[in-house]
Amino acid sequence: MKFRFRKIIPWAWFKSLHAKLFILTALVTSGITVAVAFQINRNSRRELLAYSKKLAIETSQAVEADITTRDPTFSDPRKIEEVLEGLAGEGRAIFQIDVFKAEGKDQINFVTSSNDDSGVDWKPGMVTYMTVGTPTTDMVDLIDQRTEKTNRGWRVYYPIHNPKEGRPPIGLIRTYCDLERWEDVWQANLENTLKLLPPVLLGEFILLWVILGAVLSDPLKSIMEAMRKLERGDASARANVAHKDELGQIALRFNQMASQLERASAEREALVEEIRGLNSNLQDRIDLALAELQAKNQELEQLMERNGLLREELGQQERLAVAGQLTAAFAHEVGTPLNLVHSHLQLLNGQTDLGDRTRERLGVIQAQIERVGEIVRKLLGHTRRPRLHQEVLSLAALVADLQRLWTPTLALHHIHFHMEAPDPCILFVDRKQMEQIFINLVNNAVDAMPEGGEIHLQVAADSTSRPASPRWSFRLTDTGSGIPSELLAKVFKPMFTTKPEGKGTGLGLAIVREIIRAHGGEVHIESQEGQGTSVLFTLPGVTTLEA
C-alpha cells in the first residue's frame, strides 16, 4: 500500500467528514484507553492488598503450626524467636510478629517478638481476639524505626488453637505486614502506565488517521477527482475504488455512467484521436516517472544496505567493548594473587636452605593458586550475581592472615602497616570478599607510595548503628601522593584509573564499592593531592552475645 503525504489546509480540513470522524473516534478511543488503564491499575492495587493480607494470615498460620508442634507450653521462648527471625524483620514483607500466651480465660501475657521486645505495644484486653476463633485483620500505620517513616500495613490477630480438641486457644499471634514494597510496586505500575499512555494514544491516533484515510478519505477523493475530470469533458475519467462498501457502490455507479457517456461520444473521432494522443503522452510521462521511481528505490535499497552494515559494525564494537571489560576484570582479579605469589617466590629463591618458614610460604603460594582458580570460576559465571556467604569473623584474625600475604610486598617497598581497633571487633561478612577489599585497598596504597610510607587502619563502632544491628566504621589512610580533587568523583567508575598505563585496570575501587554495598554499607574517599588518601567505609558486625 502506498501512502501519500496530504497537504492539509487547517480550516478546510476541520470542515471535512474525515476531520469530524477522526476527532469523534479519537475522543472515544482515548477515553476508553485511559479508563481501562486506570481500572487495571486499581485492580492491581486491590490484588496487591489482598495478596499481602493473605501473606500475613499464612505467616501467622505457619507460626501457629510451629508453636503447636514444637512448644505448645511456651516453655522455651528461644525456639519461638528462631522461627520469628526467619519469617519477619526489617526489609521484609512481614514487618513484625508478636506471640502472646493465654493465662486462664480472661488474661493474656506477652511471650516474645521478632523485633525488640521492649518496644512491643500490647494490652491484656487483646484476649478478646482469641475468643473470635478466626483471624482478625485491620489496616494500621507502621513506623519504620530506622527511617522514622510511617507506612500502611496489615495487622492480623490469629488465635493459637489448642492441640487438644475442645480446649480454648492457648495463645495469640499478632502479625504486621508492611505494605511499603507493595505500594512501591503499585506506584511503579502507575508510573509505567502514565509513561505508556501518551505513546499508546499517539499510536491510536496515527492508526485511526491511516484507517480513516484508507477507508474514507482516499475513496472520496478518488470519486471527487473523477467527477471533476468528467465535468472538464474527460469521458475516460474513472473512480479508482476497489472497496465493496457503499463508497465502492457509488464509485461503481459513477464508472458505469462515465462509460455510457464515453460510448455516447464515440462518434466524435477527432476528439477520440486527440484523447488517444493525450493518453500516449500521459503514458510516456508515467513511464518516465516510473523510471525515476525505480532509480529512487535503488538508492533507497543501497541506503538500507549501508544502514544494516553500520548497525552490524556497531554491534561488533559493543561486543568488543564488553569483551575488553571482561578481559580487564580478569587481568585485575588474577593479577593480585599472582603478584603475591611472585613476592613469596623471590623470598624463597633468596634462601639457601628450606625450613619451617619456607614451608609456610609454600603453603601461602598454594592458597593463592587456589584463589586464582576461584576467581576464574567467578569470571566464567559473571552473568550471575554472586551470593554472599556471611559468617561471624574476627577482624584481628582476618588482618593477621592478610599480613602474612602482604608483608613481603610492604617490606620490599619500605611501607609500615599498623592498625587501631577495639577488642573484640567481630564482623558478620563474607571472608573471601573481605580479603578482596583489603588486598585491593592495600595494593592501591602501595602503588601510591613508591618511595615508602605508612598505612594506618582505624576501626571504631559506627555511632549511627543500633545495638541490635551493630556496624563498624573503617578508615584506611596512606601517606602517598593523593588524588587530584577534580578526579575524586570518577575514582569509583569502572575502567577509570589514575595509575600509569600498565599499572592498573580501573576496576579495583569499583569492585570494592560493589562488595561493600552488597554488605549494606557505603564507601567514600577523602584525599588531597600530595598529602595522602583515606578510604572510609562501613561493614556489619554482631553483638557480643551473638558472637
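Are any of the residues in segment 75-89 outside any helix (DSSP H, G or I) and closer than 17 Å to Pro168 by Cβ? No - not one qualifying residue is present in segment 75-89. Where helices (runs of 4 or more DSSP H) sit wholly within segment 126-244, those with at least 1 residues that are modelled with pLDDT of 75 or more, surrounded by 18 or more Cβ atoms within 10 Å (Cβ to Cβ) and over 39 Å from the mean Cα position of the chain (by Cα) occupy 128-132, 218-231. Checked against the criterion of being farther than 30 Å from Pro163 by Cα and either of a type outside the set (Lys, Arg) or modelled with pLDDT of 85 or more (or both), segment 49-57 contains one or more residues that satisfy it.
Selection within segment 92-125: residues that are within 20 Å of Pro168 (Cα to Cα) and of a type in the set (Asp, Glu). The member of this set that is farthest from the chain's Cα centre (by Cα) is Asp106. Filtering segment 458-468 to residues that are surrounded by 15 or more Cβ atoms within 10 Å (Cβ to Cβ) and not in a loop (DSSP other than H, G, I, E, B) leaves Gln458, Val459. In segment 33-91, the qualifying residues are those that are in contact with a helix residue (DSSP H, G or I) (Cβ under 6 Å, 6 or more places away or on another chain) and closer than 30 Å to Leu196 by Cβ, and the one that is surrounded by the most Cβ atoms within 10 Å (Cβ to Cβ) is Ser52. For segment 58-97, taking the residues that are farther than 14 Å from Val111 by Cβ and among the charged types (D, E, K, R), the one that is modelled with the highest pLDDT is identified as Glu58. Restricting segment 471-487 to residues that are within 33 Å of the chain's Cα centre (by Cα) and surrounded by 16 or more Cβ atoms within 10 Å (Cβ to Cβ), the residue that is nearest to Gly119 (Cα to Cα) is Arg471. Looking only at segment 116-125, residues that are within 30 Å of Gly166 (Cα to Cα), in contact (Cβ under 8 Å) with a residue 12 or more places away in the chain and outside any helix (DSSP H, G or I) come to 1 in all.
Number of residues in segment 181-214 that are within 18 Å of Leu21 (Cβ to Cβ) and either of a type in the set (A, V, I, L, M, F, W, C) or touching a Pro at 6+ places or on another chain (Cβ under 7 Å) (or both) equals 10. The residue pairs whose first member lies in segment 444-470 and is closer than 19 Å to Asp116 by Cβ, whose second member is at pLDDT 90 or above and surrounded by fewer than 19 Cβ atoms within 10 Å (Cβ to Cβ), and whose beta carbons are closer than 6 Å, counting only pairs six or more residues apart or on different chains, are Asp462/Ser473; Asp462/Thr538.
The values are calculated or read from the model by the stated rules, or taken from the named source; none is laboratory data. Quantities reported herein were computed from a predicted structural model and do not represent experimental measurements. For neighbour counting, all protein chains shown are included, and Cβ atoms are generated from backbone atoms with ideal geometry for every residue, glycine included.
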